[in-house]
Amino acid sequence: MKIGIIGSGQIGGNLGKYWAKAGHEVLFSSRHPNQLASLARDAGNNAKAVSVAEAFEANADAYLLATPFEAIDNISELYAGEYGNKIIIDATNPYPERDGKMAQEVRDANYNASEYTAMKFNTAKTIKAFNTIKAEDLRDRAFRSQDKLSIPYAAQDEESKTIGRQLIEDIGFDALYVGDLSASNIMDPDKAIYGKSLELIKLKDLVNASKEY
């Protein structure tokens with residue numbers, strides 16, 4: 001699978017390296033692609049550094065959004081012709097103290113953050129994943145054969161559900177499907193499973209408990 005990484009910081013950088021190790025073709029991108037050469041080199045032969053525009057022009061199968069939440073509007077508008085029918089993996093979180101008024105409006109709205117992303121990228125298929133795990137646990141706990149951490153995810157349809165599970169399991173985590181995008185509110189900042197790095201059974205219990213209320 002060809003995967004474009006939009007925002008190659010701690011989350012995007014580590015996920016890109018892991019997916020490259022798992023055999024996927026990875027395109028690291030950011031506003032400063034010249035700063036990504038060492039990251040792409042460390043990721044191996046399956047990875048390269050490109051501009052954000054080049055990543056979208058490359059006709060990838062899936063795109064990971066690992067940018068500040070405030071960038072969603074601009075990215076979705078600038079590259080609207082490039083991501084139709086593609087998979088958007090939304091790893092963003094709305095933090096008003098960083099992202100400003102639009103993030104607060106989303107947190108106050110009657111929809112959740114992943115539904116906002118899906119509305120903006122409305123010709124794509126959205127998966128919510130990798131926004132709840134601590135960056136250091138993502139860095140240190142991939143490719144485990146035992147004591148695996150579980151990554152919760154939500155998906156828009158059956159195709160995105162299948163791809164989401166594959167991309168989580170390919171890098172050595174267990175995948176826990178929490179439901180469609182409307183169910184992903186428990187993954188948002190300050191909600192039930194945000195910031196929790198747990199093994200599958202414990203995470204499943206927490207998800208089930210949150211749905212009882």
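The values are calculated or read from the model by the stated rules, or taken from the named source; none is laboratory data. Here the structure is a predicted model, which means the values were calculated and not measured. All Cβ positions, even for glycine, are placed from backbone atoms using ideal geometry, and neighbour counts span all protein chains on display. Note: accessible area is taken over every heavy atom of the protein model, side chains too, but ligands, DNA and RNA are not part of it. Shrake-Rupley method; radii C 1.70, N 1.55, O 1.52, S 1.80 Å.
Is it fair to say A55 is in contact with a Leu (Cβ under 6 Å, 6 or more places away or on another chain) and touching a residue at least 24 places away in the same chain (Cβ under 8 Å)? Full working, then the answer.
Numbers: in contact with a Leu (Cβ under 6 Å, 6 or more places away or on another chain): yes; touching a residue at least 24 places away in the same chain (Cβ under 8 Å): yes.
For A55, the condition - in contact with a Leu (Cβ under 6 Å, 6 or more places away or on another chain) and touching a residue at least 24 places away in the same chain (Cβ under 8 Å) - is met.
Considering region 134-210, the qualifying helices (runs of 4 or more DSSP H), each wholly inside and each with 3 or more residues that are over 29 Å from E25 (Cβ atoms), run over 200-210. Taking the criterion of being hydroxyl-bearing (S, T, Y) and more than 19 Å from E77 (Cβ to Cβ), the only residue of region 88-110 that qualifies is Y95.
A count restricted to region 119-128 and to residues that are touching a helix residue (DSSP H, G or I) at 6+ places or on another chain (Cβ under 6 Å) and open to solvent by less than 40 Å² (accessible area, probe 1.4 Å) stands at 4. Among the residues making up region 157-198, none is open to solvent by 70 Å² or more (accessible area, probe 1.4 Å) and touching a Ser or Thr at 6+ places or on another chain (Cβ under 6 Å).
Residues being at pLDDT 95 or above, open to solvent by 10 Å² or more (accessible area, probe 1.4 Å) and out of contact with any Gly (no Cβ under 7 Å at 6 or more places or on another chain): count how many of those fall in region 136-155. So the count comes out to 5.
Of the residues making up region 115-133, those that are touching a residue at least 12 places away in the same chain (Cβ under 8 Å), out of contact with any Gly (no Cβ under 9 Å at 6 or more places or on another chain), closer than 17 Å to N85 by Cα and outside any loop (DSSP other than H, G, I, E, B) are E115, T117, A118, K120, K125, T126.
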